[in-house]
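The next block holds one structure in the form of structure tokens; read it before the comments.
Throughout, read-outs are computed from the coordinates displayed, never taken from laboratory work. It should be emphasised that the depicted structure is a prediction, and the values quoted were computed from it without experimental measurement. In this analysis, Cβ positions are derived from the backbone assuming ideal geometry, glycine residues included, and neighbour counts consider all displayed protein chains.
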Amino acid sequence: MAIGIYDTTCLGRGFGSKAIKLVLGYAFGAMQLHRISVRVLAYNDRAIRAYEKCGFVPEGRERETAFVDGHWYDDIIMGVLAHEFAAL
């Protein structure tokens, strides 16, 4: 799963966390999935915080996987299990 908010006026208002929770609610409810994982660029602190707020935990790091604006950046691999999300 991935989420992107490209309108900067919508940042910091909880829309990302709300969207993530809606997707996870459906995934773990109606679809009865066991786990969901995401990859997020290591410099994207805002996204990392939103995912953590929804129960995701860091599970690993892939070094220099994304070339952005002339620089290499790591990806953080994060995951959440159904019972972890339910505990929120």
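Return one number: the angle in degrees, 0 to 90 and rounded to the nearest 10, between the long axis of the Cα atoms of helix 15-28 and the longest principal axis of the Cα atoms of the chain.
Tilt relative to the chain: about 50 degrees.
Among GLY70, GLY25, GLY60, whose mean-square fluctuation peaks in a Gaussian network model of the chain (Cα, cutoff 10 Å)?
In the Gaussian network model the winner is GLY70.
Please give me the summed charge of the neighbours of ALA27: other residues whose Cβ is under 13 Å from its Cβ, Lys and Arg +1, Asp and Glu -1.
+1
Who wins for biggest fluctuation among VAL57, VAL68, VAL23 in a Gaussian network model of the chain, springs between alpha carbons below 10 Å?
VAL68
When the chain is treated as a GNM, springs tying every alpha-carbon pair under 10 Å, which of ARG39, ARG49, ARG13 comes out with the largest mean-square fluctuation?
Greatest mean-square fluctuation among the candidates belongs to ARG13.
Can you tell me, using C-alpha contacts under 8 Å and at least 6 residues apart, the relative contact order of segment 9-86 as a whole percent?
After rounding, I find 33 percent.
Could you tell me which label, among [x] 1.13; [y] 1.08; [z] 1.03, carries the value of Cα Rg over 2.2 N^0.38 Å calculated for this structure?
[x]
If I stretch the segment between ILE3 and ALA30 completely, what's the gain in nm (0.36 nm per residue apart, minus their alpha carbon distance), one decimal?
7.7 nm
Can you pull out the chymotrypsin sites (Phe, Trp or Tyr not before Pro) in segment 1-71 that DSSP calls coil and that have at most 16 other Cβ atoms within 10 Å?
When the chymotrypsin sites (Phe, Trp or Tyr not before Pro) of segment 1-71 are filtered for loop state and at most 16 Cβ neighbours within 10 Å, TYR6, TYR43 remain.
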